[in-house]
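Okay, structure first, notes after.
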Amino acid sequence: MALDRQVALVTGAGSGIGRASALALARQGLRVAAVDRDLAAAEAVRQQMAAAGGTALALTVDVADSAAVDAMVAQAGAALGSPDLLVHCAGIAPRQAVLDMSDHEWRQVMAVNLDGTFYVARAVGRVMAERRAGTMIFLASDRGLYGHARGAHYAASKGGVIALMKSLALELAAHGVTVNAINPGTTDTPMSRATLSDDEWQRRAAQDPLGRLSRPEEIAELVCFLAGPGGHFMTGQLVTVRMRFG
């Protein structure tokens with residue numbers, strides 16, 4: 001599907017769904033700012049896009065730093081043009097029981113996953129609202145709906161992302177900006193692999209109705225759909241890819 005968006009800003013682009021989305025959008029002809037806290041990882045993705053003939057930029061940022069996010073969005077705009085597509089995948093998912101969780105562990109997840117989403121959406125949203133056009137896509141989680149044992153901070157942060165997405169959709173609709181989120185379910189990414197043992201991974205795959213778990217490239221296809229004509233009349237929606245199975 002051809003996309004009419006021109007410039008994409010993808011956070012968490014160094015690996016997983018962010019990486020797959022950046023590469024998929026570049027193949028569609030978009031100029032892509034690949035943003036990651038690991039600059040080397042973002043640069044590796046940029047090189048892949050450039051080798052395929054795409055126009056790309058590698059940037060690093062701590063999304064929990066409001067001023068740094070504003071500067072990153074301005075830098076991306078100066079180099080590639082103002083972003084008219086945001087794909088926000090940056091996030092962390094440590095494991096810890098609530099009763100053993102420190103204040104720092106709670107705040108760190110909230111700072112990256114929820115505050116970071118707000119900072120990025122606000123900075124990009126200001127640009128899109130002024131241009132009266134744009135698409136935002138956030139990465140959510142079924143844990144934000146159903147909770148997460150030994151991951152309450154992650155679940156709470158993703159529940160907040162879902163509520164923020166719906167609120168932004170209401171506020172930005174009058175400016176021609178759509179805002180949606182994807183709930184990908186367990187996907188074969190480094191972050192997901194790091195939280196599950198091999199036995200847990202195999203058990204989840206066996207329990208899944210399709211008999212396997214999602215691949216990042218498959219979620220990137222949905223990103224492209226929401227970024228294209230098919231997603232232009234959708235806003236405020238949480239698109240759930242997989243059934244929950246316990």
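For the range 1-60, the tally of residues that are touching a residue at least 24 places away in the same chain (Cβ under 8 Å), part of a loop (DSSP other than H, G, I, E, B), farther than 18 Å from Gly91 by Cβ and small (Gly, Ala, Ser) stands at 4. Between Gly77, Gly116, Gly91, the distinction of being assigned to a loop (DSSP other than H, G, I, E, B), of a type outside the set (Ser, Thr, Tyr) and touching a residue at least 12 places away in the same chain (Cβ under 8 Å) belongs to Gly91 only.
Each row is one residue, and each column tells you yes or no for (1) under 21 Å from Asp70 (Cα atoms); (2) touching a strand residue (DSSP E or B) at 6+ places or on another chain (Cβ under 8 Å); (3) not small (Gly, Ala, Ser).
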| residue | (1), (2), (3) |
| --- | --- |
| Arg126 | yes, no, yes |
| Ala133 | yes, yes, no |
| Met136 | yes, yes, yes |
| Leu139 | yes, yes, yes |
| Leu145 | no, yes, yes |
| His148 | no, no, yes |
| Lys158 | no, no, yes |
| Ile162 | no, yes, yes |
| Leu172 | yes, yes, yes |
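Of the residues in the range 98-113, at least one is more than 25 Å from Ala174 (Cβ to Cβ), basic (Lys, Arg) and assigned to a helix (DSSP H, G or I). Would the range 182-191 turn up any residue that is out of contact with any His (no Cβ under 8 Å at 6 or more places or on another chain), buried (at least 20 other Cβ atoms within 10 Å of the Cβ), more than 13 Å from Leu114 (Cα to Cα) and hydrophobic (A, V, I, L, M, F, W, C)? Yes.
Of the residues that make up the range 135-152, is at least one of a type in the set (D, E, K, R) and touching a Ser or Thr at 6+ places or on another chain (Cβ under 6 Å)? There is no residue in the range 135-152 that is of a type in the set (D, E, K, R) and touching a Ser or Thr at 6+ places or on another chain (Cβ under 6 Å). Being more than 14 Å from the chain's Cα centre (by Cα) and buried (at least 19 other Cβ atoms within 10 Å of the Cβ) is the filter; apply it to the range 1-22 and report the residue that is farthest from Ala133 (Cα to Cα). Only one residue fits best here, namely Leu3. Looking only at residues of the range 207-242 that are farther than 19 Å from Ala140 by Cα and part of a helix (DSSP H, G or I), we find that the one that is modelled with the highest pLDDT is Pro229. When the residues of the range 133-160 are filtered to those that are closer than 20 Å to Val73 by Cα and free of Cβ contacts under 8 Å to residues at least 60 places away in the same chain, the one that is nearest to the chain's Cα centre (by Cα) is Phe138. If the condition is being surrounded by 15 or more Cβ atoms within 10 Å (Cβ to Cβ) and either touching a helix residue (DSSP H, G or I) at 6+ places or on another chain (Cβ under 8 Å) or within 21 Å of Val161 (Cα to Cα) (or both), then the range 197-213 contributes Trp201, Leu213. Put simply, of Gly53, Gly91, Gly29 the only residue that is in contact with a strand residue (DSSP E or B) (Cβ under 8 Å, 6 or more places away or on another chain) and either of a type outside the set (Lys, Arg) or closer than 18 Å to Asp188 by Cα (or both) is Gly91.
The values are calculated or read from the model by the stated rules, or taken from the named source; none is laboratory data. Remember, it's a predicted structure, so these values are computed and weren't measured experimentally. Quick reminder, even Gly has a Cβ in these numbers, built from the backbone with ideal geometry, and neighbours come from all protein chains shown.
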